[in-house]
Every structure is written in structure tokens, then in C-alpha cells.
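For reference, the structure discussed in these notes is given below.
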Amino acid sequence: MSTTLYIGNLSFYTTEEQIHELFGRCGDIKRIIMGLDKVRKTPCGFCFVEYYTRTDAEMAMRYVNGTRLDDRIIRTDWDAGFVEGRQYGRGKSGGQVRDEYRTDFDEGRMGYGKIVSSKIKTRESI
Amino acid sequence: MASRRRRASFSDEEDETSHRSKRRRTSENVDIEDRLESLISRVGEKSTSSLESNLEGLASVLEADLPNYKTKIIRILCECAVKLPEKQSVYTTLVGLLNAKNFNFGGEFVEMLVRQLKEMLKTEKFEEARLIVRFLGDLVNCRVIAAGSLLAMFDNFVEVTLEDNIPQVRSDWYVYAVLTALPWVGRELYEKKDMEFQKLLVTIDNYISKRQKIHVPALRVWSSDSPHPQEEYLDCMWAQVKNLRNNKWIEKQISRPYLAFDSVLCEALQHTLPQIIPPSHNEEVMYPLPTVVFRMFDYTDVPEGPAIPGSHAIERFLIEEHLSHIIKTNHLERKDCAAALLSFTMRNKIPLDYMICEVMFGHLFRLPTSPYMEIMVGSTLIELCKLQPKSMPLVLAQAAEMLYERLDTMKTTCIERFANWFAYHLSNFQFSWSWADWVECTHVNPLMPKPKFVAEVLHKCLRLSYHQRISNAVPESFSALVPVKPQARYKYADEGAGQLPGLMTAHRLLEVIKSKCTPEETLVVLKELPNPLADDTDEPSHHPLRIDVFVSTLLHLGAKSFSHSFAAISKFISVLKMLAENEEGQICLLKNMYEVWSTHPQMMVVLTDKLLKTQVVDCSAVANWLFSADMAPDFTKNYVWEIMHSTINKMSKHVEKLEKEAEEARDMLDAAKKKAADGLEYDDDDNVPTEEQVERMEERLELVQNQQKRLFLIIFQRFIIILTDHLARCESESVDYQTPWYKWVIERLQEVFLAHHNLVFQYIHTLESLLFTSDIDIHILEVFQQFCALRS
């Protein structure tokens, strides 16, 4: 039984400390692994939270999923357990895949998605 | 179904095949049984047809199934009686209808329920037992049970009040169980057995008037009765029942579906309850603790719509109990919980938002401990705001405002829970709050409850957010209460650091660690430092300068995040353990951590946690450090107590774990011995521990149990010392001892008793003879006596 959660839709600016404060309210945290941009090695909007017990992880699924952190509604999902390498974004440009294709402007996640913003840049340079 | 499958996976091959074929054979029955379960447990939920027709329909279905599924139906109904108390009268009506159709069924059901009641009483499941008592009462209304026999059971219960040498909590529970059934069945008893009923009430009245109430101050959320009295639960219940009696036992809250079936039910034959005698008392029994009723609103607080029932109206109790049951049933699904609360059956006749709010805060502030996690309350309140966006946020804001106004007399523990909730709530609503309304708190002594509350809220907000955001969220005038920006302080890089004796070594250490040295290499660097304690004694207990240089430098290097700090500690754990091999060294280490991180309480909380888990420091060292003079400036801050309680919890979890392991090992060994004695083969696949191994485990357990006891003794002793000092100083200077500092500290002492009451009760005799002796100041002793009274 996994005691690890995947946390998504974080702001790139949300820190490990903030995550600890919120998720610590559900139980004793074993470790937090911040999701990083493969290239820049900076936070890219997700993380893993591992608890010592299943019960505590269940509490977080119940009471944190869908509430706010840093003014964003965050998502929690069960994760099979952290494996080295998974802390990196799998998108082409280093971040999460969803940030490649996004078409909205998200201040907490570096503005527009990678593809759209590169189009905008190209247009500006023309 | 799930349990079937689970059981199958444990059984061996042969069992499994026979099980499977049996299952195939009975799968049809299983389907029907599941369908029955679903039908019964869902009756009374929202539906397109009326409750009456649903009940009538279900009764006919069940009647037809009785010949084949009687046992199953009885089992399901008994379960519903305990697990779905908010639908009690739906089920009593259903049982009534079935009894009218099939007298034998009614008899067997009652028999089963009574058996369950006896079992619950024996196994100390008192809340479940109370619900069954209430259910039996309601069965009188449905013509299933004869009124006289119910009264006989009540008599037996109330007779407990006449027993000698029993704790009050025992008689309290039996009286409470009777009183809480009376809103349901009082009218019937009054109509049918008035004389006997009166006698019962007189006995209860006598009992209520002679009860001890020493425990009450420990359980009150507010020390003041203004604006609302904080009443002891049984006193309040009795006042409500007396009012009900004055109203001829008629209340306006309970829905009674059986009234519609009066013509059918009055034809039914009734059963007589068998004699139900409370199991006798013994030392081991844990009765429910008393409570104080939480009240924050009255009718003047509700601007429009229906009025809130008065505090002594039985309706107030009934609504509170009903809402509490809804929360209990749904607390694991916050969205369902919020939706179920808002669809309360009589929602148009009461100010529902206010009642929900009061009950939720009542749970949050409950003493000695809250029945639910704080975040359950917080996240459910957020859901309620989402579902009821026009009214709920306003009611909550009003509630926060009122709680704030009453901070001066609020208990420290509750102020902390309030601050934690409020910060969490604000973090879900963009931190917007009309702070300007509270500006007055910036003009008073910052140790007073209001400014202290605001400072703690802002600190908690900061932990959920970041410094700039929180600074911007409050008006300029609050700047003194905004926490300083958390930052590591590395004194060896400060201006004027030249005076520090360890400066050169610190810089060298910084270099070698940065160049990825081994732990051993750092020891070489530290070696050159002289021990400042060497002048005074020949054998210094620890080396403060080495600890200082090493800890400051290591934490400075890991300052970037929790993970960086943890990694630094992990890599150099052997050095830390060597430097802090005894308690003095450990306290010194913690002091140095404080020097680096005094502006970042959360960092200190997680670092202390890490140091405890990695066994670099002991629990007792942490407690002694928190009480040390160095921590005096922060002693009344919440984070200090966050560390204290987490330390105690860590200790107790460790004890629990070893207890479980030792017990399991002992059981295994005993079982193996028994097998051997019976001449059965010795099975060494089972990893049966040896006698020696088990003894070693038990020795280790005893060791940590003693450590735990010592931890509590240290904490209580240090409380007594600082409080006695304060009281003596105030007396010699003839000033009032009731300072803000005193409030925080004496109530923290109370909190340690309450938050860990199950553990502390084990040591009550030691505490009485060793620490809380008759010669200590009465103000301190009182806290102990109130605690003892909780179970006396």
C-alpha cells in the first residue's frame, strides 16, 4: 500500500516549506520531493509527498485534494512510490508536459505554455 | 464481499477450492443480501416519493423476504440503529411495521438488539450503547416494546447512582443515557406510566444536585460565562429535560414517521424487554469523559429568519446531536459532509448556518482533545462556503469576529486551534480580511491574547505563503505583529565576527565541507578548538565551542531548504552524535540551532523532529532545552509547544511500537510452546523468537517506558519550578500574579495534562506523591486536581 502522493497544479514558486506546512496538518511527513525542470533544475509545478503511514496519506487525499495552496487549487493523487528520476519534468523543454501545450496565461507557471509563448516570441521578433 | 475475498486469500489451496464452489452455490443469495443491505441502509434518503410510502413498500418487501433472510435482515437493522443514528426514527418505524406484520420477527429483533447493548456495555463502547438505549426508547413509540419494561431498564440504569465507591463518570454515563432517550420516549412514559416515571426523575434530580464539578474549569473553552454560560454537559441536559417536562414532554424537532402509521401500529402486540442490568464496575473500565457544552451564539446573533433555540431548550440539544451524527457519519468525505449538513431535515425552521457553525467549532475546540483532525473541520467549512456562497462565508466571518472578541478569556489550547484554523481558512480565501477592524490590538501589550493571536495567525499564514504576501495583506499599522522574514543567521559571517573564538575554525570547516570532505575530516578541523569548560572542571561534559562551530556551519550550509538541511544532517550524523553524546551536549546543540534559525520557527520544528528521529537528541533533552533560559523569549509562542507536543507524541509512538512488538513476540513464543507441549511438530518457518529474544525486547520496552515517564516528570517539574518562581516573585513584590505570561504558562501546563490524558493518567500516583504535593502553590495544584477529577 503506497504512502506517497503526487501533488499537481502547484505554482512554480511554491516551496517545500509551504507544502510541508499544509500536508503536515494531515500527519507525519517522511519526505517531500520537489518536481524539477529537467534542464534548469528549478521547481516546475509538482511534487511528491511521502508519509510514514497509509492513514496519514489518506487524510491528505481527503482533506487537501481540491483546496488551495498559494492561491491555486491543488490536486493530490495516489502514487506508486517515488523512484529516482521521476522528480524531473517530462516535457520537451524540461518542465511538465502540460506546460508545453497550455494556451492560457498562468502567472504561477511562467505565463503561457512553452509552445504558445515561443510562437508569441517569434511573432514579436518579426 | 470484500471481506470474503480477503479471507479467501489467507486460506490455503484446499480451503480455497471448497470456498469457491460454496460461493458459486450461494452467489444468488449474496446478491439478494447485498440488495437488502442497500435498500435498508438507503431508506429515508432523498427520494421522489414520500417517506411513508417508501417505508410501507420496504416493509412489504422485507416481510416477503423474512422466511429466507430473517437473520440477515435483523443484523442489518441492528447495524443501522448504531451506524445511522440520524435516521433513527425511520428505522424504528420500519421495525414497528414489521412487528405489526410478524410478531416473532419483532421479538427476535429486540432480543438481538438487547444482546448487542449488553455486549457494548461490556466492551466499553458507550456511545454505541447510548444509541441503542435511545433506539429502544423509540421502539416504545412504535409499539414494539412495552413502556413498563423500558422504564424498568431505566430504573436499573439510574440505580447506578446509588452504588458506593464508584467513579462519578460511571453514574454520569448511565444517567446521561437515560436523559438523552427522553426527548424520544418521555411523552409515552408520561402518558402511560406517570407515577413510576416521576419517581425516576426524582432520583435523577437528587443525583444531579449532589455531583462534584471540580473538572469543569479544565474543560471550558472560555473561563467566563459572559456572554454565554459554559455549562457542564449533564447539568445542561438536565435543565433541557426539565424544560421538556414543563412542556408536557412535547418537542418540535424530532421527525416521527410512525405517527402516520398509528392505525397499523396500535394493532401490534408488544414485547417485554428482558432484565438489563449494568455490568458491575471495575478499575479497568474507561467511561466517557465529561464535557462542557460549547455555545457561541444566541438568538440576538442571528439577524433574520427563524430564531436559534435557547440554551435550555431541548431543541437546541436535538439539533446539535443530529448535526454531530451527520458529521460523524460523513467526516471522511468532506464534500458529502457539507452537503448532508446543509440538507438537514428541518432546515427551514432553524438558523441552520449558525447551528452548523457552532457545532463545527464545538468539535474544533473540544477538550481534552478534538474528536476530529483540525483540517477536517477547516476543509469542511470551506466546502460549506462553496455550497452556500451567499450566507456561509458571512456567518463564518461573524463567528471569527466573535471568537476574536472573546479571546481574553479563551483557553490557550483553543486560541492556538483557532489561530491554526483561521490562517488555513484565510489561505483559501486570498488572505483577505478586514484587518483594520482589529487595529486596536496593535496598541496593547503584545503578550495580551489579541495581539498574540494576530501575531500567531500571521505567522501561520506566512508558513502557508511567503513573507511579502503577508506583509502586503495587512495594513501598515500591523507591522509590529508581522513576523520577521525567516532567515538563517550565520554568526561567523556577521560583522564583528572577528571577536568570536571559533571564527578561523568555522571558516576552515566551511571550506572543507564545501569541498565534499568526509565526516572524519571535519573532526580533524574541529580538534584544534579549546574547550571553554576545561578551565572549570577536569572532565567537561561536552565541548560547547566545537558544537557551536560545527552546528552553525552545517546548518548555514544546508539553509536553502528543508531537504538541504536534512541532507547535511544525514551526511554528518556521526559527527553530531559524537559531539552531543550526553544531554548537556544535546541541549547545547539545540541552542545553536536556535541561534541560526530563531526567525524560522517552522525550520526549528522540522529540524528538532529530524534530530529526534535520527536519535541525535533525546526527548528529555528537547524538553529541558525548551524550558531553558535561552528559550524564555519564545516560551509563550505556539511553535515551542508544537515542538513539545510533537516530542511527547514521538516518545509515545515509540513506546507503542515496542509494546506491540514485544506483545506479538511473546504471543508467538507462547503459541509455539503450547504446540510443542501438545506434541505437535515444531515449525521453524514461523520465525518463532527465542525466550532470550523476547526477554530482551521486554527489557528494551521497559527502558523506553521509563524514559517516557521521566519525560513527563521533567516537563511537570519544570512547570512547577517556573510557575512557583513567578508566584513567589509576585507575592514578594506585592503585584498581581495574573499576568499575561502566567495565563499562557499555567494553561500550557493544563494543556500537557489534557492533550496526553491517557498517558498521564498512568502516572497519576507518582505525580501526586512526587510533584503535585500538598505544599505546592494552590494555583498549580488546582490544575492537577481538576485533571484527576476528569475520571473520578
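The values are calculated or read from the model by the stated rules, or taken from the named source; none is laboratory data. As the structure is a computational prediction, the values presented were derived from the model and not from experiment. All Cβ positions, glycine included, derive from the backbone under ideal geometry; neighbour counts span all protein chains shown. Remember, those area values only see protein heavy atoms, side chains included, never the ligands or the DNA or RNA. Shrake-Rupley method; radii C 1.70, N 1.55, O 1.52, S 1.80 Å.
The helix-only estimate of mean residue ellipticity at 222 nm for chain B, built from DSSP H runs of length n ≥ 4 each weighted as -39500 (n - 2.57), is -21000 deg cm²/dmol after division by the residue total. Packing, as the average of other Cβ atoms within 10 Å across residues, places the peptides B:144-152, B:609-617, B:44-52 in the order B:144-152, B:609-617, B:44-52, highest first. For the peptides B:568-580, B:454-466, B:622-634, the ranking by packing is B:454-466, B:568-580, B:622-634, with the highest mean count of neighbouring Cβ atoms within 10 Å listed first. Largest first and in whole Å, the equivalent-ellipsoid semi-axes of the stretch B:211-297 read 35, 24, 11, each the square root of five times a Cα gyration tensor eigenvalue.
Distances between placed amide hydrogens fall under 5 Å for A:Cys44 paired with A:Gly35, A:Leu36, A:Asp37, all partners being 5 or more residues away or on another chain.
Between B:Val359, B:Thr647, A:Gly89, the Cα set farthest toward the positive side of the dipole of the protein assembly as shown (charges on each charged residue's Cβ, about the Cα centre) is that of A:Gly89. Measuring heavy-atom accessible area with a 1.4 angstrom probe and counting protein chains only, the residues of the stretch B:313-356 that give up at least 40 Å² relative to the chain alone are B:Leu332, B:Arg334.
Accessible surface calculations at 1.4 Å, restricted to protein heavy atoms, place the stretch B:206-338 at 48 Å² per residue. Take the accessible area of B alone and of A alone, subtract that of the pair with a 1.4 Å probe, and the total buried over both chains is about 2400 Å². The amide H of A:Asp106, built 1.01 Å from its N in the peptide plane, has A:Gly111, A:Tyr112 as neighbours under 5 Å, considering only residues 5 or more places off or on other chains.
Listed peptides B:250-257, B:730-737, B:158-165, B:753-760 appear in the order B:753-760, B:250-257, B:158-165, B:730-737 once ranked by packing, highest mean of other Cβ atoms within 10 Å at the front. Over chain B, the ratio between the Cα radius of gyration and 2.2 N^0.38 Å evaluates to 1.13. Label-to-label distance, B:Leu781 versus B:Asp536, with points set 7 angstrom from Cα along the beta-carbon direction: 3.6 nm. Label 7 Å along Cα→Cβ of A:Lys121; the stretch A:26-51 residues with amide nitrogen under 11 Å? In the stretch A:26-51, the label zone of A:Lys121 (backbone N under 11 Å from the point 7 Å along Cα→Cβ) covers no residue. Legend: residue pairs B:Lys390/B:Lys743; B:Lys485/B:Lys591; B:Lys335/B:Lys390; A:Lys41/B:Lys571, Cα-Cα distance threshold 28 Å; pairs beyond threshold, B:Lys390/B:Lys743. Taking Cα atoms only, the orientation of helix B:126-141 departs from the longest principal axis of chain B by about 20 degrees.
To the nearest µm²/s, what D does Stokes-Einstein give for the protein assembly as shown at 4 °C and 1.567 mPa s, using the Kirkwood radius over alpha carbon pairs as Rh? The diffusion coefficient I find is 41 µm²/s. Think of the protein assembly as shown as a dipole: +1 on every Lys or Arg Cβ, -1 on every Asp or Glu Cβ, centred on the Cα centre; then among B:Phe344, B:Met286, B:Ile208, B:Phe344 lies furthest on the positive end.
Shielding of peptide B:620-627 by partners, expressed as the average count of other chain Cβ atoms within 10 Å per residue Cβ, is 0. Can you tell me what percent of all Cα-Cα pairs in the stretch A:6-126 are more than 22 Å apart? Counting pairs separated by more than 22 Å, the tail of P(r) holds 36 percent. Since only B:Leu626, B:Leu701, B:Leu669 are under comparison, the one whose Cα sits farthest along the positive direction of the charge dipole of the stretch B:602-717, derived from C-beta charges on Lys, Arg, Asp and Glu, is B:Leu626. Peptide B:599-606 is shielded by partner chain Cβ atoms: per residue, an average of 2 of them sit within 10 Å of its Cβ. Remark: accessible surface ordering of B:Met286, B:Met120, B:Met644 (largest first) is B:Met286, B:Met120, B:Met644, probe radius 1.4 Å.
Check each residue of the stretch B:412-447 and keep those whose accessible area, probe 1.4 Å, is at least 10 Å² smaller with all protein chains in place than in the chain alone; give them in order of residue number. Hits at the 10 Å² cut-off: B:Asn420, B:Tyr424, B:Ser427, B:Asn428, B:Gln430.
Rolling a 1.4 angstrom probe over the protein heavy atoms with all chains in place gives the stretch B:513-665 an accessible area of 42 Å² per residue. Counting only alpha carbon atoms, the long axis of helix B:103-122 and the longest principal axis of chain B meet at about 20°.
Ligands, DNA and RNA left out, the 1.4 Å accessible surface of chain B is 51% carbon and sulfur atoms.
Does the stretch B:197-255 come out rounded, prolate or oblate, given a ≥ b ≥ c as the square roots of the eigenvalues of its C-alpha gyration tensor, rounded meaning a/c under 1.5 and, failing that, prolate meaning a/b above b/c? Since a/c reaches 1.5 but b/c is at least a/b, the shape of the stretch B:197-255 is classed as oblate. Sparsely packed loop sites in the stretch A:1-55 (the chymotrypsin sites (Phe, Trp or Tyr not before Pro) outside DSSP H, G, I, E and B with at most 16 other Cβ atoms within 10 Å) comprise A:Tyr13, A:Tyr52.
Remark: mean inter-chain Cβ contacts per residue of B:456-466 equal 3, using a 10 Å Cβ-Cβ cutoff to other protein chain atoms. State the Cα centre-to-centre distance between the stretch B:647-724 and the stretch B:310-325 in whole Å. If you average the Cα positions of each part, the centres end up 45 Å apart. Placing +1 on each Lys and Arg Cβ and -1 on each Asp and Glu Cβ, with no other charges, gives the stretch B:110-156 a dipole about its Cα centre of roughly 60 debye. Return the FRET efficiency for the residue pair B:Gln487, B:Lys213: r is the Cβ-Cβ distance, R0 is 51 Å, and the value is rounded to the nearest 0.05. Efficiency, rounded to the nearest 0.05: 0.55. Across the stretch B:493-604, Cα-Cα distances exceeding 25 Å account for 17% of all pairs.
Counting only alpha carbon atoms, the long axis of helix B:778-789 and the longest principal axis of chain B meet at about 40°.
A straight Cα-to-Cα reach below 15 Å connects B:Lys637 with the aspartates and glutamates B:Glu416, B:Glu456, B:Glu747, B:Glu751, residues fewer than 8 places away in its own chain not being considered. Would you please give the residues with an amide H less than 5 Å from that of A:Thr67, counting only those at least 5 places away or on a separate chain, with H modeled from the backbone geometry? Sorted by chain and number, the residues that satisfy this are A:Ile74. Over the stretch B:317-450, Cα pairs under 8 Å with separation of 6+ residues give a relative contact order of 22 percent. Across chain B, the relative contact order, built from alpha-carbon pairs under 8 Å that are at least six residues apart, equals 10 percent. Placing R0 at 41 angstrom, the Cβ-Cβ distance between B:Ser477 and B:Ser47 gives a FRET efficiency of 0.15 after rounding to 0.05. Between B:Glu191 and B:Glu768, the C-beta separation translates, for a Förster distance of 60 Å, into a calculated FRET efficiency of about 0.70. A loss of 10 Å² or more of accessible area (1.4 Å probe, protein heavy atoms, ligands and nucleic acids excluded) relative to the isolated chain is seen in these residues of the stretch B:550-585: B:Ser561, B:Phe562, B:Ser563, B:Phe566.
Remark: the stretch B:25-95 carries a charge dipole of roughly 180 debye about the Cα centre, counting +1 on each Lys and Arg Cβ and -1 on each Asp and Glu Cβ. Per atom type, the stretch A:10-126 shows carbon and sulfur on 55% of its accessible surface, probed at 1.4 Å. Between the stretch B:514-551 and the stretch A:36-90, what is the separation of their alpha carbon centroids in Å? The stretch B:514-551 and the stretch A:36-90 have Cα centres separated by 40 Å. Computed about its Cα centre, the charge dipole of the protein assembly as shown is approximately 3220 debye, with only Lys, Arg, Asp and Glu carrying charge at their Cβ.
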